[in-house]
Amino acid sequence: MSEHFLIDDYDYDLPEELIAQEPLSERDKSRMMVLSKKDKTWKDDFFFNLPSYLTENDVIVFNNTKVFPARLIGHKKTGARIEIFLLREIQRNLWETLVRPARRVKTDTVIIFDSEITAIAVEKRDDGHCIFEFNIDGDIKEKLEQIGRVPLPPYIKREDLSEDRQRYQTVYAKVPGSIAAPTAGLHFTPTVLEKLDKNGVTCVEITLHVGYGTFEPVRVRELSRHSVS
């Protein structure tokens, strides 16, 4: 096994105070590191200057996936608070989920979200995932904007805010389906996109939904043994 596939080789020190908990007031004022292909040097810049480094010979591929509010907060009949994280729709109103705290949920446990929406655990799997069937008049996906919350990444140590619905989304997001944002795209603004267009940069879109694998910790020492779900 090549040493370049050992997770220990990728360890580095990242002070917690440098992990931003709030977005900048303006997306494109985030810092950007620029690497020179000619002399291999690097320098600090700001993201709003990205168009100055690109020309008509360049192509940018944008992921137009859109984050949906996949976190649901409900309670058992006893009043115990339960959080459900929607991972994958199996069929209409049947979802694979993560549950917290998992120990409080067993098969046939009923979770109440409001007077019109409940869910019953139909299967609890060995991997910690739980299958829930939603009891609702209609499709649960249509109700998520009302009862769902933004699935912030685990390194954001705060409760989600109303403004996160807009800020934890790229400005070009179109197709709902992700439980996490393609974060590299969060820094683009309409102004940056307009400047790229004026420079003749080719911009194309794909749809690649981001799943739970982006949050899942690496539990093996050899990276080749890590499976991304």
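The values are calculated or read from the model by the stated rules, or taken from the named source; none is laboratory data. Values in this document were obtained by computation on a predicted structure and should not be read as measured data. Positions of Cβ are generated from backbone atoms using ideal geometry, with glycine treated the same way; all protein chains shown enter the neighbour counts.
The condition (being surrounded by 16 or more Cβ atoms within 10 Å (Cβ to Cβ), modelled with pLDDT of 95 or more, hydrophobic (A, V, I, L, M, F, W, C) and within 22 Å of the chain's Cα centre (by Cα)) is satisfied by just one residue among Phe68, Phe47: Phe47. Pairs are defined by a Cβ separation below 9 Å, a sequence spacing of at least 6 or placement on different chains, a first member in the range 165-176 that is outside any loop (DSSP other than H, G, I, E, B), and a second member that is among the aliphatic types (A, V, I, L, M) and surrounded by fewer than 15 Cβ atoms within 10 Å (Cβ to Cβ); the pairs so defined are Arg167/Leu161.
The listed residues are Arg125, Arg104, and the only one of them that is more than 19 Å from Pro69 (Cβ to Cβ), surrounded by fewer than 12 Cβ atoms within 10 Å (Cβ to Cβ) and either charged (D, E, K, R) or modelled with pLDDT of 95 or more (or both) turns out to be Arg125. Among all residue pairs at least 6 apart or on different chains, which show Cβ distances below 9 Å where the first residue, located in the range 11-24, is over 20 Å from Leu161 (Cβ atoms) and the second is surrounded by fewer than 10 Cβ atoms within 10 Å (Cβ to Cβ) and β-branched (Val, Ile, Thr)? Qualifying pairs under 9 Å: none. Kindly establish whether Val220 is β-branched (Val, Ile, Thr) and either without any contact (Cβ under 8 Å) to a residue 40 or more places away in the chain or surrounded by 13 or more Cβ atoms within 10 Å (Cβ to Cβ) (or both). No, not satisfied. The residue list Asp197, Asp160 contains one member that is of a type in the set (Asp, Glu) and part of a loop (DSSP other than H, G, I, E, B), which is Asp160. Every condition in (1) assigned to a loop (DSSP other than H, G, I, E, B); (2) outside the structural domain of Thr55 (by TED's automatic domain parsing) is met by Lys141 except one, and the failing one is (1).
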